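The values are calculated or read from the model by the stated rules, or taken from the named source; none is laboratory data. Since this is a predicted model, take the numbers as computed values, not measurements. Methodologically, a virtual Cβ is constructed for each residue, glycine included, from the backbone with ideal geometry; neighbour enumeration extends over all protein chains shown. These area figures cover heavy atoms from the full protein model, side chains too; ligands, DNA and RNA do not enter into them. Shrake-Rupley method; radii C 1.70, N 1.55, O 1.52, S 1.80 Å.
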Amino acid sequence: MRIRTSTLDDIPVLQDIERAAGRCFRDIGMDEIADDEPLTVPELARYQREGRAWVSVDEHDVPVAYLITDPVDGNVHVEQVSVHPDAARRGVGRSLIEHVAREAAADGVAALTLTTFTEVAWNAPYYAARCGFRALREAELTPGLREIRRLENAHGLDRWPRICMRREL
């Protein structure tokens, strides 16, 4: 699959990918996550305009996965990575992470960070085993990561165990 930066025309497809990917959470009893609406068109458009949105596309140039980032405390924070279930288990999400890691390293960024669920197989265990991330201890959290966790908690995500992770570049 080819990776490219997102276009404005991709945005409705990104929302569809997020909805489809979210349905997998219903299978493990996390209905609230499955029902959570994707980012809005203006929110996704901001990521696209700022060059912080990438897509993995099929042979027809249609996105099957996407990744968006935020700058957090001098690092690149993976805000969201979603793969349509029809393209899952083929390394598509990992390829997006690797692409962003190469770009960030070339820009002199020290690390990628993310927050994720600890007990969801395709979240923390996957990022640790397949993508080179490690769990951060509470004392290692930067102010920006603490703020992200505070916002996640306010959104109700702490109903399930979550952690911050980091991958050195």
Exercise. Would you mind stating whether Thr40 is within 23 Å of Gly156 (Cβ to Cβ), β-branched (Val, Ile, Thr) and under 15 Å from the mean Cα position of the chain (by Cα)?
Key: no
Quiz item: Taking Leu39 and the conditions (1) of a type outside the set (S, T, N, Q); (2) over 23 Å from Phe133 (Cβ atoms); (3) in a loop (DSSP other than H, G, I, E, B), which numbered condition does it fall short on, given that it satisfies the others?
Solution: (2)
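Restricting to segment 152-169, name every residue that is part of a helix (DSSP H, G or I) and under 16 Å from the mean Cα position of the chain (by Cα).
So the first thing to find is which residues in segment 152-169 are part of a helix (DSSP H, G or I), and the list is 152-154, 157-159.
Correct list: Glu152, Leu157.
Hey, can you tell me all the residues within segment 42-61 that are part of a helix (DSSP H, G or I) and in contact (Cβ under 8 Å) with a residue 40 or more places away in the chain?
So in segment 42-61, the residues part of a helix (DSSP H, G or I) come out as 42-49.
If the condition is that a residue be part of a helix (DSSP H, G or I) and in contact (Cβ under 8 Å) with a residue 40 or more places away in the chain, then Tyr47, Gln48 are the ones that fit.
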Practice problem: Tell me, yes or no, whether segment 40-59 has at least one residue that is open to solvent by 60 Å² or more (accessible area, probe 1.4 Å) and within 18 Å of Tyr126 (Cβ to Cβ). | Solution: no
Exercise. Identify all residues within segment 96-112 that are assigned to a helix (DSSP H, G or I) and either within 15 Å of Ser56 (Cα to Cα) or among the small types (Gly, Ala, Ser) (or both); write none if there are none.
Key: Leu96, Ile97, Glu98, His99, Val100, Ala101, Ala104, Ala105, Ala106
Practice problem: Specify the residue that is farthest from Pro71 (Cα to Cα); the eligible residues are those in segment 127-150 that are part of a helix (DSSP H, G or I) and within 15 Å of the chain's Cα centre (by Cα). | Solution: Arg130
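From the list Ile68, Ile28, Ile17, exactly one residue is closer than 27 Å to Asn153 by Cβ and in a loop (DSSP other than H, G, I, E, B). Which is it? Outline the logic, then answer.
Details: Ile68 fails: in a loop (DSSP other than H, G, I, E, B); Ile17 fails: in a loop (DSSP other than H, G, I, E, B).
None of the other options fit; the residue is Ile28.
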Quiz item: Residues in segment 135-159 that are loosely packed, with under 13 Cβ neighbours inside 10 Å and within 16 Å of Asn123 (Cα to Cα): how many?
Solution: 2
